[in-house]
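Asker: Right, I'll just put the structure down here and ask away after.
The numbers here are math on the coordinates, done by the rules we state, and not lab data. Quick caveat, the model's predicted, so the values are computed rather than measured. Every residue, glycine as well, gets a Cβ built from its backbone with ideal geometry; the counts of neighbours run over all protein chains shown.
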Amino acid sequence: MERAKLHRNVVAIGTVSLLTDLSSEMIYPLLPVFLVTSLAAGPAALGLIEGVAETTASMLKLFSGAWSDRTGRKKPLVLAGYGLSTLARPLVGFADAWWHVLAVRFSDRIGKGVRTSPRDALVAAYVPAGQRGKAFGLQRSMDHFGAVLGPVAAFLLLAGGVPLRSVFLLSIVPGLAAVAVLAFLVRDAPAAGAPHHAGSVLRRDGFSPGFRKYLALVGLFTLGNASDAFLILRAVDAGVPARHVPLLWGAFHVVKSSFSVPAGALSDRIPRKWLVAAGWWVYAACYAAFAVVRGAAGTVAVFLLYGLYAATCEGVERAMVADFVPADRRGTAFGWFHLVTGICALPASVLFGLLWNAYGAPVAFGASAGLAVVASTLLLLLRTEKV
């Protein structure tokens, strides 16, 4: 069973993630530079944009996940979400002010909010418990591989003389390919074998105390987990040339893509919380290093090491959600997971930007590292179970 191949639906969903991130990452690593150099915005504006965008997405993830449980259908919501993001994302090429970027990111994240929880439930629907870590690891690995290709594509286009705004507009091409793969190759979730869940979303009925404690710890960690866009600003401040930012971002995702599947597969053999806690410790160490490191070479090294945190945690955290809840409530459970991370993302990014402006980058990075240490220590004390 451990060596069984993953269901083709999981691979198809991973392909959709790959193409979507290729599209998204043609834009995202260039946004901080675009905001600062072209639109005269600073770290506080960047924090507001990213915080509002991610919080919007996460609030919608709860209700889209719950709705998918009520109807028993996941694919229509997933398709609508990917379609909206594909159409909205390239419009950043027309932005003339920072609030235009906010509007585009807001629309893009609405699409993400609609699709993410039903998509995660689709992944969990086609694998047994003993393959959940590997399945989510594969989805995250392919997602990150798309994030490798996106910056490379952006770099090659910029090196070939294509204007920055045109690069943003061209991102629609892989986005449309992702929607096509989803429409024709991804199957909807099979019937769960039980009545569709119709309980109260806001009361989270049917969820165990362990799951609620897990959400609380994820929220605590996320309060210190500011947008990765700040890492790009840190790298530029340390001397990394702006034209090399897409390559750095691509290399960062090479690390994440390379280790996501092994980490997920390992979590199918040992307690998942051990890996998540280890990843949070890596996060804390990297943020502490960002507070003190000087020079481009050292900053790049820490940036790449930081990729181990994401590779270790992203898929395994989602697998833990599926471990806590039955199939007919997974959409809602993933919705709560993403809501908690998004609600905490707004103050995390905004406060990080304000701390950076007021006291400098070392204080902001140090505060985030401290919260990660506390959260990872408490996670090791959490009792977990599988259903």
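Asker: Only Cα pairs under 8 Å and at least 6 apart count here; give the relative contact order of the range 64-172 as a rounded whole percent. Mind showing how you got there, number by number?
Answerer: On the way: 93 pairs, mean separation 39.5, N = 109.
Here the relative contact order equals 36 percent.
Asker: Let me ask another. State log₁₀ I(q)/I(0) for the range 272-322 at q = 0.25 Å⁻¹ as given by the Debye formula over alpha-carbon point scatterers of equal weight, solvent excluded.
Answerer: -0.84
Asker: Right, another one. If the range 260-387 were replaced by its equivalent ellipsoid, with semi-axes equal to the square roots of 5 times the Cα gyration tensor eigenvalues, what would those be, largest first, whole Å? Numbers along the way, then the final one.
Answerer: Details: eigenvalues 170, 63, 29 Å².
Ellipsoid half-lengths, sorted descending, are 29, 18, 12 Å.
Asker: Which whole-number percentage describes the relative contact order of the range 73-131, with Cα contacts under 8 Å and a sequence gap of 6 or more?
Answerer: On the way: 52 pairs, mean separation 29.1, N = 59.
Contact order relative to length: 49 percent.
Asker: Over the Cα atoms of the range 10-169, what Rg and Dmax result, in angstrom?
Answerer: Values for the range 10-169 (Cα only, Rg and Dmax): 16.6, 50 Å.
Asker: Calculate the FRET efficiency for ALA103 and ASP228 from the Cβ-Cβ distance with a Förster distance of 25 Å, rounded to the nearest 0.05. Intermediate results must be reported in sequence, preceding the final value.
Answerer: Working: r = 21 Å, r/R0 = 0.85.
E between ALA103 and ASP228, to the nearest 0.05, is 0.75.
Asker: Would you mind computing Rg(Cα) / (2.2 N^0.38 Å) for the range 67-120, counting N as its residues?
Answerer: On the way: Rg = 13.0 Å, N = 54, 2.2 N^0.38 = 10.0 Å.
Normalised Cα radius of gyration, the range 67-120: 1.30.
Asker: Using θ = phi - 60° and the Karplus form 6.51 cos²θ - 1.76 cosθ + 1.60, what ³J(HN,Hα) does each residue of the range 299-309 get, whole Hz, x for Gly and Pro?
Answerer: Using θ = phi - 60°, the values come out as 5, 4, 4, 5, 4, 5, 4, 4, x, 5, 4 Hz.
Asker: What list do you get for LEU381, LEU354 if you sort them by fewest beta carbons within 10 Å? Please report the intermediate quantities before stating the final value.
Answerer: Numbers: LEU381 10, LEU354 16.
Sorted ascending by nearby Cβ count, the order is LEU381, LEU354.
Asker: How do VAL78, VAL254, VAL292 rank when sorted from fewest to most other Cβ atoms within 10 Å of their own Cβ? Before the final figure, lay out each step's value.
Answerer: Numbers: VAL78 26, VAL254 15, VAL292 11.
Sorted ascending by nearby Cβ count, the order is VAL292, VAL254, VAL78.
Asker: Let me ask something else about it. Provide PHE324, PHE184, PHE94 in ascending order of the number of other Cβ atoms located within 10 Å of each residue's Cβ, fewest first.
Answerer: On the way: PHE324 21, PHE184 8, PHE94 11.
Lowest count first: PHE184, PHE94, PHE324.
Asker: Report the Rg/Rh value for the range 323-386, based on alpha-carbon coordinates and the Kirkwood definition of Rh.
Answerer: Numbers: Rg = 16.0 Å, Rh = 14.1 Å.
Value, to two decimals: 1.13.
Asker: Still on this structure, I have one more. Could you tell me which label, among [x] 20.7, 60; [y] 19.6, 58; [z] 21.6, 66, carries the value of Rg and Dmax of the Cα atoms in Å calculated for this structure?
Answerer: Correct label, based on the coordinates given: [y].
Asker: Pop out the ³J(HN,Hα) list for the range 168-176 in order, Karplus 6.51 cos²θ - 1.76 cosθ + 1.60 with θ = phi - 60°, rounded to Hz; leave Gly and Pro as x.
Answerer: Going residue by residue, I get 4, 5, 5, 5, 5, 5, x, x, 5 Hz, with x marking Gly and Pro.
Asker: What ranking do 161-173, 306-318, 278-290, 97-109 get when scored by the average of other Cβ atoms within 10 Å per residue, highest first? Walk me through the intermediate numbers first.
Answerer: On the way: 161-173: 16.4, 306-318: 24.6, 278-290: 22.2, 97-109: 19.1.
Order by mean packing, descending: 306-318, 278-290, 97-109, 161-173.
Asker: If I take the Cα coordinates of the range 218-294 and project them onto the principal axes, what are the three extents in Å, biggest first?
Answerer: Largest first, the range 218-294 extends 42, 26, 20 Å along its Cα principal axes.
Asker: Report, to the nearest 10°, how far helix 330-359 tilts away from the longest principal axis of the Cα atoms in the chain, using its own Cα long axis and a range of 0 to 90°.
Answerer: 20 degrees
Asker: Over the chain, calculate the relative contact order: mean separation of alpha carbon pairs under 8 Å at least 6 apart, over the residue count, as a percent. Show your work: numbers first, answer last.
Answerer: Numbers: 725 pairs, mean separation 118.9, N = 387.
After rounding, I find 31 percent.
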